[in-house]
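J.: Here you go, one structure.
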């Protein structure tokens with residue numbers, strides 16, 4: 001028999017086998033969400049998985065380690081190898097599950113399709129918390145513990161408006177335009193500007209400049225060269241533009257008030273040196289600590305009173321006046337969040 | 001199935017002195033066998049370091065699904081490497097095609113298969129356009145497809161913003177969830193259930209069989225290889241080389257679209273970021289498998305093994321919880337070691353062939 005004939009027969013048999021398998025077989029049963037629960041704290045292994053490497057998530061490492069000790073958890077790991085790729089993040093999560101991690105706190109790379117990943121994890125009986133960012137649309141994780149980005153952007157814009165004396169031109173620098181969270185940040189800034197009754201004009205919302213520091217620096221340099229003298233304040237709702245605008249304004253010596261985000265050392269130095277008027281802090285430590293606590297409770301058999309509920313993890317405006325005391329505010333907010341989970345959000349029999 | 005294919009050499013006139021009969025290379029000199037051994041060694045190594053590597057549900061099934069995507073991605077690049085061309089837009093062709101699929105599911109409510117066919121047609125169309133530009137203008141395929149990649153990057157974002165207001169279709173066509181979650185173990189005939197192989201795997205196998213048969217047995221495939229091997233000679237032999245260039249690029253676009261569909265099925269969403277990570281693996285799999293960058297010879301089985309090797313390395317290192325920097329470093333080192341071992345094996349085989357002739 002010729003090789004050609006053998007190839008043809010082989011291909012034909014493959015097609016027949018596939019057709020038989022898919023048509024003649026019956027499905028065993030429809031898989032439904034496996035129930036999480038019944039695990040002692042020592043059996044709970046929490047994985048905290050950001051979308052990729054970013055300074056914002058670094059406090060998750062220590063907060064996770066602290067939660068492990070305080071809550072006597074089996075383990076808490078921090079894995080930032082997703083590289084801002086949803087496919088890779090899915091792979092990382094599956095690998096962690098294979099290694100025995102059974103509770104997941106995830107910052108989804110893509111808010112628009114992270115829900116599929118959450119459903120996937122929940123089908124396997126793992127409790128899941130969406131940390132630091134909520135999915136677009138209905139949240140399919142057990143809960144979302146995140147900064148209310150619209151409120152944080154509103155607070156930042158209000159701080160900018162105060163710093164510029166209540167009138168003038170404001171510019172907003174932010175991240176990926178097609179991210180639903182960016183749209184909410186833009187809405188928050190627009191709301192604060194609208195409240196001034198026309199005294200403050202939002203000159204421009206510059207998007208897509210949080211990919212890396214270089215692109216943010218280039219965008220800030222272009223902005224200052226083109227409109228620097230018309231701008232009274234810049235409000236940042238993303239990390240790289242915040243660092244770039246603080247540096248750019250300092251170098252250009254223009255009288256522009258910069259409102260930054262987060263408490264990276266560069267931002268805090270800018271605040272102390274005067275190149276940053278204020279910064280809006282988020283609560284990454286609280287997200288990791290309280291998120292791990294809630295995941296432990298869910299693993300132990302508690303359920304969410306309202307599945308998929310969104311909880312604001314808090315945002316704080318910090319100026320030179322409260323630079324030394326903001327950490328205490330953040331700690332008390334974290335404590336309050338934990339009590340809220342115990343009191344209102346969790347149902348434990 | 002060994003599918004390495006090269007154009008048959010033209011008949012050589014009898015030489016004055018009879019040549020000694022050519023000795024066949026030993027079995028171990030087969031590059032596919034080399035890759036298979038490296039994969040086997042890595043599987044044993046990773047399984048002994050972390051037993052989770054053999055977890056059928058959480059490791060092996062997802063690994064097979066990932067391999068399926070990257071085999072088809074590799075085949076998409078192989079289709080044009082057969083000409084000695086490149087397709088730098090392989091990822092963006094996948095993105096545009098999956099957009100078309102998502103739009104068809106979302107707006108027209110078409111069944112899964114119809115949407116897939118729509119996407120495949122778009123992929124083949126955009127690939128054919130690239131091929132036409134290359135054939136008609138004579139501009140290097142690298143330049144044409146790179147420019148196309150830039151253009152499609154913008155177009156895909158604009159289209160998703162227009163159609164979804166975001167970066168993803170929320171629609172879940174019927175059957176997508178089965179493709180994503182089910183394995184043949186979920187389907188039984190009486191008491192006998194299938195193996196734990198994800199449903200997407202046969203799609204990739206069918207694509208590999210199709211491409212293998214095309215280049216091995218079909219006239220079209222042989223003529224594409226002949227065009228890649230020597231365009232002038234092919235033209236003088238009466239092969240319509242321009243049309244073969246268009247056909248190879250159309251096939252590349254079609255396979256990119258299929259890879260996009262498989263990734264969308266694995267991820268559970270038709271989104272703009274599909275294909276972003278396709279470019280490097282698209283070259284890695286065929287080149288590791290012995291496909292020549294210069295054109296004229298392809299290896300489908302080698303491409304499948306190349307894709308398997310890279311995914312096994314990635315999965316193994318991931319399971320061992322390497323940090324981000326270590327992960328990149330060790331993936332590079334392991335690939336370098338695999339390539340060096342393969343080269344060493346080839347050199348040893350050549351020496352042995354020379355010394356024994």
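The values are calculated or read from the model by the stated rules, or taken from the named source; none is laboratory data. All values reported here derive from a predicted model rather than from experimental measurement. Glycine gets a Cβ as well: all are built from the backbone with ideal geometry, and neighbour counts include every protein chain shown.
J.: Looking at (1) in a helix (DSSP H, G or I); (2) more than 14 Å from every other protein chain (Cβ to nearest Cβ); (3) touching a helix residue (DSSP H, G or I) at 6+ places or on another chain (Cβ under 7 Å), which one does residue B:142 not meet, given that it meets all the others?
T.: (3)
J.: Here's a follow-up. Every residue in region A:34-76 that is more than 25 Å from the chain's Cα centre (by Cα), in a loop (DSSP other than H, G, I, E, B) and at pLDDT below 95, please.
T.: Of everything in region A:34-76, those that are more than 25 Å from the chain's Cα centre (by Cα), in a loop (DSSP other than H, G, I, E, B) and at pLDDT below 95 turn out to be A:34, A:35, A:37, A:38, A:39, A:40.
J.: Tell me, please, whether a residue that is farther than 30 Å from residue B:164 by Cβ, out of contact with any strand residue (DSSP E or B) (no Cβ under 8 Å at 6 or more places or on another chain) and surrounded by fewer than 16 Cβ atoms within 10 Å (Cβ to Cβ) can be found in region A:255-262.
T.: Going residue by residue through region A:255-262, those that are farther than 30 Å from residue B:164 by Cβ are A:255-260.
This time we only want the ones that are out of contact with any strand residue (DSSP E or B) (no Cβ under 8 Å at 6 or more places or on another chain), so: A:255.
Within this subset, residues satisfying the condition of being surrounded by fewer than 16 Cβ atoms within 10 Å (Cβ to Cβ) are A:255.
Within region A:255-262 (the criterion being farther than 30 Å from residue B:164 by Cβ, out of contact with any strand residue (DSSP E or B) (no Cβ under 8 Å at 6 or more places or on another chain) and surrounded by fewer than 16 Cβ atoms within 10 Å (Cβ to Cβ)), the answer is yes, since at least one residue qualifies.
J.: Mind counting the residues in region A:122-135 that are part of a helix (DSSP H, G or I) and either buried (at least 24 other Cβ atoms within 10 Å of the Cβ) or facing chain B (nearest Cβ under 8 Å) (or both)? Step through it out loud before you land on a result.
T.: At the first step, the residues of region A:122-135 found to be part of a helix (DSSP H, G or I) are A:122-123.
Within this subset, residues satisfying the condition of being either buried (at least 24 other Cβ atoms within 10 Å of the Cβ) or facing chain B (nearest Cβ under 8 Å) (or both) are A:123.
Residues that pass the stated criteria total 1.
J.: Checking the structure you have, find out if any residue of region B:81-89 is part of a helix (DSSP H, G or I), away from chain A (no Cβ under 14 Å) and farther than 30 Å from residue A:183 by Cα.
T.: yes
J.: Could you give every pair whose Cβ atoms fall below 6 Å, whose first residue belongs to region B:31-53 and is within 14 Å of another protein chain (Cβ to nearest Cβ), and whose second residue is part of a helix (DSSP H, G or I) and loosely packed, with under 15 Cβ neighbours inside 10 Å, counting only separations of at least 6 or pairs across chains?
T.: Here the result reads B:47/B:54, each pair linking region B:31-53 to a residue that is part of a helix (DSSP H, G or I) and loosely packed, with under 15 Cβ neighbours inside 10 Å.
J.: With A:117, A:87 as the choices, which residue is within 11 Å of another protein chain (Cβ to nearest Cβ) and within 21 Å of residue A:44 (Cα to Cα)? Give the steps one after another, and end with the answer.
T.: Numbers: A:87 fails: within 21 Å of residue A:44 (Cα to Cα).
The conditions single out A:117.
J.: Tell me, yes or no, whether region A:94-108 has at least one residue that is closer than 30 Å to residue A:202 by Cβ and either within 14 Å of chain B (Cβ to nearest Cβ) or part of a helix (DSSP H, G or I) (or both).
T.: Taking region A:94-108 as the starting set, the residues that turn out to be closer than 30 Å to residue A:202 by Cβ are A:107-108.
Then keep just the ones that are either within 14 Å of chain B (Cβ to nearest Cβ) or part of a helix (DSSP H, G or I) (or both); that gives A:108.
Yes, the conditions are met somewhere in region A:94-108.
J.: From the list B:319, B:263, which one is within 12 Å of chain A (Cβ to nearest Cβ), surrounded by 18 or more Cβ atoms within 10 Å (Cβ to Cβ) and more than 22 Å from the chain's Cα centre (by Cα)? Steps first, answer last, please.
T.: Details: B:263 fails: more than 22 Å from the chain's Cα centre (by Cα).
None of the others qualify; the one that does is B:319.
J.: State all residues of region A:272-284 that are closer than 20 Å to residue A:54 by Cβ and either in contact with a strand residue (DSSP E or B) (Cβ under 6 Å, 6 or more places away or on another chain) or not in a helix (DSSP H, G or I) (or both); if no residue qualifies, say none. Please lay out each step first, then the result.
T.: First pass over region A:272-284, keeping only residues closer than 20 Å to residue A:54 by Cβ: A:276, A:279-284.
A:276, A:279, A:280, A:281, A:282, A:283, listed by residue number.
J.: Yes or no: region A:142-149 includes at least one residue that is part of a helix (DSSP H, G or I) and in contact (Cβ under 8 Å) with a residue 12 or more places away in the chain. Before the answer, list the steps.
T.: We begin by selecting, within region A:142-149, every residue part of a helix (DSSP H, G or I); these are A:149.
Next, from what is left, pick out any that are in contact (Cβ under 8 Å) with a residue 12 or more places away in the chain: A:149.
Yes, because at least one residue in region A:142-149 is part of a helix (DSSP H, G or I) and in contact (Cβ under 8 Å) with a residue 12 or more places away in the chain.
J.: So, of the residues in region B:195-250 that are crowded, with 18+ Cβ neighbours inside 10 Å and assigned to a loop (DSSP other than H, G, I, E, B), which turns out to be nearest to the other protein chains (Cβ to nearest Cβ)?
T.: Among residues in region B:195-250 that are crowded, with 18+ Cβ neighbours inside 10 Å and assigned to a loop (DSSP other than H, G, I, E, B), the one nearest to the other protein chains (Cβ to nearest Cβ) is B:199.
J.: Can you tell me how many residues within region A:181-216 are assigned to a helix (DSSP H, G or I) and out of contact with any helix residue (DSSP H, G or I) (no Cβ under 8 Å at 6 or more places or on another chain)?
T.: Selection size over region A:181-216: 5.
J.: Still on this model: Hey, can you tell me all the residues within region A:76-105 that are in contact with a strand residue (DSSP E or B) (Cβ under 6 Å, 6 or more places away or on another chain) and on the phi > 0 side of the Ramachandran plot?
T.: A:100
J.: Okay, next question. Determine, yes or no, whether residue B:131 is at pLDDT 90 or above, buried (at least 17 other Cβ atoms within 10 Å of the Cβ) and in a helix (DSSP H, G or I).
T.: On the way: at pLDDT 90 or above: yes; buried (at least 17 other Cβ atoms within 10 Å of the Cβ): yes; in a helix (DSSP H, G or I): yes.
So residue B:131 fits the description; yes.
J.: Still on this structure, I have one more. With the condition kept exactly as written, say whether any residue in region A:217-228 is assigned to a loop (DSSP other than H, G, I, E, B), under 28 Å from the mean Cα position of the chain (by Cα), in the same structural domain as residue A:199 (by TED's automatic domain parsing) and crowded, with 16+ Cβ neighbours inside 10 Å. Reasoning before the result, please.
T.: Of region A:217-228, the ones assigned to a loop (DSSP other than H, G, I, E, B) are none.
No, that holds for no residue.
J.: Of (1) under 14 Å from the mean Cα position of the chain (by Cα); (2) at pLDDT 90 or above; (3) surrounded by fewer than 24 Cβ atoms within 10 Å (Cβ to Cβ), residue B:290 satisfies all except one. Which?
T.: Going through the list (1) under 14 Å from the mean Cα position of the chain (by Cα); (2) at pLDDT 90 or above; (3) surrounded by fewer than 24 Cβ atoms within 10 Å (Cβ to Cβ), residue B:290 breaks only (2).
J.: Within region A:197-207, work out how many residues are farther than 19 Å from residue A:228 by Cβ and surrounded by 18 or more Cβ atoms within 10 Å (Cβ to Cβ). Steps first, please.
T.: If we filter region A:197-207 for residues that are farther than 19 Å from residue A:228 by Cβ, which is where we start, we get A:197-199, A:207.
Narrowing the set further to residues that are surrounded by 18 or more Cβ atoms within 10 Å (Cβ to Cβ) leaves A:207.
Residues meeting the conditions: 1.
J.: Take residue B:286 and tell me if it is assigned to a helix (DSSP H, G or I), in contact with a strand residue (DSSP E or B) (Cβ under 9 Å, 6 or more places away or on another chain) and either within 30 Å of residue B:45 (Cβ to Cβ) or away from chain A (no Cβ under 14 Å) (or both). Show your work before the answer.
T.: Working: assigned to a helix (DSSP H, G or I): yes; in contact with a strand residue (DSSP E or B) (Cβ under 9 Å, 6 or more places away or on another chain): yes; either within 30 Å of residue B:45 (Cβ to Cβ) or away from chain A (no Cβ under 14 Å) (or both): yes.
Here the answer is yes, as residue B:286 does meet what is asked.
J.: Could you please let me know if residue B:179 is surrounded by fewer than 21 Cβ atoms within 10 Å (Cβ to Cβ), modelled with pLDDT under 95, within 14 Å of another protein chain (Cβ to nearest Cβ) and within 26 Å of the chain's Cα centre (by Cα)?
T.: Details: surrounded by fewer than 21 Cβ atoms within 10 Å (Cβ to Cβ): yes; modelled with pLDDT under 95: yes; within 14 Å of another protein chain (Cβ to nearest Cβ): yes; within 26 Å of the chain's Cα centre (by Cα): yes.
Spelling it out, residue B:179 is indeed surrounded by fewer than 21 Cβ atoms within 10 Å (Cβ to Cβ), modelled with pLDDT under 95, within 14 Å of another protein chain (Cβ to nearest Cβ) and within 26 Å of the chain's Cα centre (by Cα).
J.: Please state which of the following conditions residue A:169 fails to meet, knowing it meets all the rest: (1) part of a loop (DSSP other than H, G, I, E, B); (2) surrounded by fewer than 24 Cβ atoms within 10 Å (Cβ to Cβ).
T.: (1)
J.: If a residue has to be in contact (Cβ under 8 Å) with a residue 60 or more places away in the chain, touching a helix residue (DSSP H, G or I) at 6+ places or on another chain (Cβ under 7 Å) and either outside the structural domain of residue A:236 (by TED's automatic domain parsing) or closer than 30 Å to residue A:305 by Cβ (or both) to count, how many in region A:153-168 make the cut?
T.: Here the count works out to 1.
J.: Identify, please: which residue in region B:315-331 is assigned to a helix (DSSP H, G or I) and touching a residue at least 60 places away in the same chain (Cβ under 8 Å) and is, among those, nearest to residue A:79 (Cα to Cα)?
T.: Here is the first cut: in region B:315-331, the residues assigned to a helix (DSSP H, G or I) are B:315-319, B:324-331.
Narrowing further to those that are touching a residue at least 60 places away in the same chain (Cβ under 8 Å): B:315-316, B:319.
Values: B:315: 14, B:316: 15, B:319: 11 Å.
Top of the filtered list is B:319.
J.: Also, I was wondering about something else. Can you name the condition, by its number, that residue B:161 falls short on among (1) assigned to a helix (DSSP H, G or I); (2) more than 9 Å from chain A (Cβ to nearest Cβ)?
T.: (2)
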